[in-house]
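The block underneath contains the structure these notes are about, expressed in structure tokens.
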Amino acid sequence: MINLALINEMMGQPGNASEHGYQIDHILEFAHWFMAALFVGWSVFFIYVLIRFRKNRHPKADYHGVRSAISTHLEFSVVLIDAVLLLCFAIPLWAKRVNEFPPTGDAVLVHVVGQQFNWTFHMPGPDGQFGRREVDLVTNSNPLGIDPNDPAGKDDIIVLGELHVPVNRPVIIELSSKDVIHNFDLPHMRIAADAIPGSLIPLWFKPIKTGTYEVVCGQLCGLGHYGMKGTVVVDSPADYQAWLKERAELAGTQNAPPPTQRPSGEPPVGPTPGTVPPPGAPKTANPPAKPEQKPPQSASSPSGR
Ligand SMILES: [Cu+2]
């Protein structure tokens, strides 16, 4: 028997490298074959009617048209198959993706920030705590506005363009944008989500193959959109630890702008990214009543699921 999955490859889909990806591939595979059948079916029908109702055989138009119910049945079955695809496969899979996040204890947490035209990755460093981020503190040397007075931010790892994650461990991403709407798209991992200014969008995947994978921006976000690419490197656990160590050593020199950059002694306005679960975020055991009083991140909080 021929491999039915070949149709995805023929459509230019890159190989899957994430745990849930095969489920998405199965839906795409079915949809592609279904569309191919529809294309062939309707094309044959179209050619048939062109010949069957040609002008020299039917000089006068028949104003009553077709009386058989076959086209109604055909169209009804197309609607039925579409409904089955949506209700039985696509929507349940989507619900699973957005409702069933892996426990944060085992996951790698990353804040991903899009801006024209690159991706910045923010990891909590050895202490497991994300430093406070504040819009007012954003400068060229402090692209994410990390608060230099927040001890949790001292060891944070900030990398531009290239993220490393370990293989076979879930990666939970909190996605945001500094300017316009971008779309963080990891085709090999079969995930993509819009990065929207003012929102934190959670998404997750579990890489199952080591390698280097492309990140693209999936929203036309400006003149440099075509070049808004990044890389996700899936490492073996040992390589990942080595990378973390290297980045952590650099972090002390990289991410600590002089404290004088803080404009005034005023308390930060608004919650720190990562402290308030965005809509649809995995539910934590004790949702914060007041965001300000929660520890500066949700990384190590036990998941309620
Ligand atoms: Cu973009």
Check your understanding: What does the charge count near Val49 come to, summing +1 for each Lys or Arg and -1 for each Asp or Glu among other residues with Cβ under 13 Å from its Cβ?
Key -> +3
Revision key, fill the gap. note: region 16-113, Cα-Cα separations exceeding 17 Å make up a percent value of 71 percent
Study note, to complete from the structure: Given pairs Lys154/Lys178; Lys96/Lys206; Lys178/Lys245; Lys154/Lys245; Lys96/Lys229 and cut-off 25 Å on Cα-Cα distance, the over-length ones are Lys178/Lys245; Lys96/Lys229
Exercise for review: Any chance you could run the full-extension gain for Ser141 through Lys209? It's 0.36 nm times the residue separation minus the Cα-Cα distance, nm to one decimal.
Suggested key: 21.1 nm
Practice item. Between beta-carbons, use under 13 Å as the cut-off and find the net charge around Glu29, counting Lys and Arg +1, Asp and Glu -1. Key: -1
Check your understanding: Which residues in region 194-217 have a backbone N closer than 14 Å to a point placed 7 Å from the Cα of His225 along the Cα-to-Cβ line?
Key -> 194-195, 216-217
Practice item. Going by C-beta contacts inside 10 Å, put Phe101, Phe76 in order with the fewest on the left. Key: Phe76, Phe101
**Study point:** Computed label-point distance, nm, for sites Ser199 and Val180 using a 7 Å Cα→Cβ extension
**Key:** 1.7 nm
Check your understanding: So if R0 is 30 Å, what FRET efficiency would Ala69 and Phe30 give, r being the distance between their Cβ atoms, rounded to the nearest 0.05?
Key -> 0.65
Practice item. Just check region 205-251 against the gyration tensor rule for me: Cα atoms, a ≥ b ≥ c as the square roots of the eigenvalues, rounded for a/c under 1.5, and otherwise prolate or oblate depending on whether a/b exceeds b/c. Key: oblate
Check your understanding: With a ≥ b ≥ c the root eigenvalues of the C-alpha gyration tensor of region 111-157, is it rounded (a/c under 1.5), prolate (a/b larger than b/c) or oblate?
Key -> oblate
**Study point:** Leu38 paired with Cys88, simple spin-label distance in nm, labels 7 Å along Cα-to-beta-carbon
**Key:** 1.7 nm
Check your understanding: Between rounded, prolate and oblate, where does region 148-261 land on the alpha carbon gyration tensor, with a ≥ b ≥ c its root eigenvalues, rounded for a/c under 1.5, else prolate if a/b exceeds b/c?
Key -> oblate
Check your understanding: Taking Cα centroids, how far is region 36-61 from region 110-169 in Å?
Key -> 61 Å
Check your understanding: For labels at His58 and Asn3 in the simple 7 Å Cα→Cβ model, what's the distance in nm?
Key -> 4.6 nm
Practice item. Note down the relative contact order for region 79-237 as a percent, whole number, built from C-alpha pairs under 8 angstrom at least six residues apart. Key: 23 percent
Point to revise | Gain in span if fully extended, Asn99 to Gln241, counting 0.36 nm per residue against the direct Cα distance | key: 48.2 nm
Check your understanding: So for region 88-200, what are the equivalent ellipsoid semi-axes in whole Å, largest first, each being the square root of 5 times an eigenvalue of the Cα gyration tensor?
Key -> 26, 18, 12
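Since every read-out is calculated from the coordinates, none of them should be taken as a lab result. Predicted model only: the values in this text are computed from it and were never measured. Here Cβ is always computed from backbone atoms with ideal geometry, including for glycine, and neighbour counts include all displayed protein chains.
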